[in-house]
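In what follows, a structure is listed as structure tokens, so that the remarks can point back to it.
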Amino acid sequence: MYDIIIIGAGPAGLTAGIYALRANLKVLIIEKESIGGQISTSPLVENYPGYKSISGLELSNSMYEQYNALGGELEVDEVTKIKKDDDFTVTTEYDEYRAKSIIIATGAKHRHLNIDREEEFIGKGLSYCATCDGAFFKDKIVAVIGGASTAVTSAIYLSNIAKKVYLIYRKSKLKCEDILKTRLDKLENVEIIYNSEVTKLIGKDVIEGLVLNDSDTIEVDGVFVSIGMEPNTKFVEGLIPITEDNYIDSLDTKTNIEGIFVAGDVRKKDLRQLTTAVSDGSLAATYAIDYIRSTK
Ligand SMILES: Cc1cc2nc3c(=O)[nH]c(=O)nc-3n(C[C@H](O)[C@H](O)[C@H](O)COP(=O)(O)OP(=O)(O)OC[C@H]3O[C@@H](n4cnc5c(N)ncnc54)[C@H](O)[C@@H]3O)c2cc1C
């Protein structure tokens, strides 16, 4: 029996693990893919306090080393179900585990365009996060793909950094709040291109341009894909309420079930970044520690 099982070894899960181990608890992290979560795929992180510049892989490896050095256990497996009984039973693809408390830190995935060369250009001009990578495009030409609030917010954010911003949307009307549209319309360096889909990414080693609707080409130095995220919450359906866009809604990492906490990008929130993920992880662990001690 573990004190805490943490689902997901991204920054939120690893931080929760470090806090729980330092409180002398027996901790297991279950991770279905790669240690470090999303950030392990990022070539460069420049907004995490304490590091002027570090690769995402190096940063996440050092988080894991810290967890491991404290005696944290890790299983590579996918959690498919959580059941509440006297404690909790966690079912994975290959096994079953028991714990007194659970922290869900399963993150989210940025939706991809699913076109040729997309994976190849990640970190070479193509990004899914304006807050993370916008600063690399000072005085350059960038395109934001998408038309909902996040895409419009990204375009507004980038207009303060880049020389020119194209906002490319496949429909004829943006799907954002009016206030954002009003703000966008005032920006002279933003051009909205409606009824257009990106059909090709062009470039030798880095992104140099885009083809729209298989016909028009525009030259860009950077592309920000902002067509939504897919939170990993399928395995809690029916147990914990999820929002219509599939996030777990929790103001302070507590869920509707005593003993289950949630941390990181999988939570409904306004900013999905490393700093907010580690913040959630530490808070969720603190509540889980309190919960375990109060039920002893
Ligand atoms: C390319 C890229 C660049 C980024 N750059 C920056 C940056 O520069 N600065 C910044 O602050 N943020 C950046 N971000 C965002 C940042 O990475 C995320 O906000 C952060 O990783 C969220 O951490 P998390 O632990 O909540 O979730 P994640 O990192 O998504 O980790 C969740 C983990 O849970 C695992 N998991 C999911 N479902 C299951 C399951 N059923 N069973 C077991 N395991 C499961 C996943 O495999 C994953 O490893 C970037 C993101 C990307 C994709």
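The values are calculated or read from the model by the stated rules, or taken from the named source; none is laboratory data. All values reported here derive from a predicted model rather than from experimental measurement. Note that each Cβ is placed from the backbone with ideal geometry, even for glycine, and that neighbours are counted across all protein chains shown.
What residue, among those in region 254-272 that are surrounded by fewer than 18 Cβ atoms within 10 Å (Cβ to Cβ) and closer than 23 Å to Gly17 by Cα, is nearest to the ligand (Cβ to nearest atom)? It would help to see each step written out before you state the result.
Quick first cut of region 254-272, residues surrounded by fewer than 18 Cβ atoms within 10 Å (Cβ to Cβ) only: 254, 256-258, 268-271.
Now restrict to residues that are closer than 23 Å to Gly17 by Cα: 254, 256-258, 268-269, 271.
Values: Lys254: 16, Asn256: 19, Ile257: 17, Glu258: 22, Lys268: 12, Lys269: 10, Leu271: 9 Å.
For region 254-272, the residue satisfying everything is Leu271.
Surrounded by fewer than 17 Cβ atoms within 10 Å (Cβ to Cβ), touching a residue at least 40 places away in the same chain (Cβ under 8 Å) and within 17 Å of Ser101 (Cα to Cα), is that true of Ile289?
no
In region 42-60, is there at least one residue being in a helix (DSSP H, G or I), of a type in the set (S, T, N, Q) and surrounded by fewer than 22 Cβ atoms within 10 Å (Cβ to Cβ)? Break it down stepwise before answering.
We begin by selecting, within region 42-60, every residue in a helix (DSSP H, G or I); these are 56-60.
Next cut, of a type in the set (S, T, N, Q) only: 60.
From what's left, surrounded by fewer than 22 Cβ atoms within 10 Å (Cβ to Cβ): none.
The answer is no, given that none of the residues of region 42-60 is in a helix (DSSP H, G or I), of a type in the set (S, T, N, Q) and surrounded by fewer than 22 Cβ atoms within 10 Å (Cβ to Cβ).
Listed by first and then second residue, the pairs linking a residue in region 52-69 that is over 14 Å from Ala12 (Cβ atoms) to a residue that is more than 10 Å from the ligand (Cβ to nearest atom) and part of a helix (DSSP H, G or I), with Cβ atoms under 6 Å apart and 6 or more places separating them unless they lie on different chains, are Gln66/Ile18. Counting only strands (runs of 3 or more DSSP E) wholly contained in region 196-253, the ones carrying 1 or more residues that are away from the ligand (no atom under 16 Å from the Cβ) and either in contact with a strand residue (DSSP E or B) (Cβ under 7 Å, 6 or more places away or on another chain) or farther than 19 Å from Ala155 by Cα (or both) occupy 198-202, 209-212, 216-219. Taken residue by residue, region 46-58 has no member that is in contact with a strand residue (DSSP E or B) (Cβ under 6 Å, 6 or more places away or on another chain) and of a type in the set (S, T, N, Q). Among residues of region 158-170 that are within 16 Å of Gly209 (Cα to Cα), those with a Cβ under 6 angstrom from a residue that is charged (D, E, K, R), sequence gap 6+ or separate chain, pair up as Ala162/Lys140; Lys163/Asp139; Tyr166/Glu191. Within region 56-78, being of a type outside the set (A, V, I, L, M, F, W, C), under 11 Å from Gly17 (Cβ atoms) and touching a helix residue (DSSP H, G or I) at 6+ places or on another chain (Cβ under 8 Å) holds for Tyr64, Gln66, Tyr67, Gly71, Gly72.
For region 159-195, give me each residue that is among the small types (Gly, Ala, Ser) and either surrounded by fewer than 17 Cβ atoms within 10 Å (Cβ to Cβ) or part of a strand (DSSP E or B) (or both). Show your work before the answer.
If we filter region 159-195 for residues that are among the small types (Gly, Ala, Ser), which is where we start, we get 159, 162, 172.
Across region 159-195, the qualifying residue is only Ser172.
Taken together, the residues in region 84-118 that are in contact (Cβ under 8 Å) with a residue 40 or more places away in the chain, part of a strand (DSSP E or B) and more than 10 Å from the ligand (Cβ to nearest atom) amount to 9. Among residues of region 25-40 that are within 13 Å of Ile102 (Cα to Cα), those with a beta-carbon under 7 Å from a residue that is part of a strand (DSSP E or B) and near the ligand (Cβ under 6 Å from one of its atoms) at least six positions away or on a different chain give the pairs Ile30/Ile7; Ile30/Val79. With respect to (1) touching a residue at least 12 places away in the same chain (Cβ under 8 Å); (2) more than 12 Å from the ligand (Cβ to nearest atom); (3) in contact with a strand residue (DSSP E or B) (Cβ under 8 Å, 6 or more places away or on another chain), the lone exception for Thr80 is condition (2).
Candidates are the residues of region 21-32 that are over 19 Å from Thr89 (Cα atoms) and either buried (at least 21 other Cβ atoms within 10 Å of the Cβ) or among the hydrophobic types (A, V, I, L, M, F, W, C) (or both); the one that is nearest to the ligand (Cβ to nearest atom) is Leu21. Are any residues in region 41-50 near the ligand (Cβ under 6 Å from one of its atoms) and either without any contact (Cβ under 8 Å) to a residue 12 or more places away in the chain or over 19 Å from Ser279 (Cα atoms) (or both), and if so, which ones? Across region 41-50, the qualifying residues are Thr41, Ser42. Being in the same structural domain as Asp290 (by TED's automatic domain parsing), near the ligand (Cβ under 9 Å from one of its atoms), crowded, with 16+ Cβ neighbours inside 10 Å and outside any strand (DSSP E or B) is the requirement here; does Ala12 meet it? Yes, satisfied. Does any residue of region 125-139 turn out to be among the charged types (D, E, K, R) and either over 20 Å from Ser40 (Cβ atoms) or touching a helix residue (DSSP H, G or I) at 6+ places or on another chain (Cβ under 9 Å) (or both)? Looking for residues that are among the charged types (D, E, K, R) and either over 20 Å from Ser40 (Cβ atoms) or touching a helix residue (DSSP H, G or I) at 6+ places or on another chain (Cβ under 9 Å) (or both), one finds at least one in region 125-139, hence yes.
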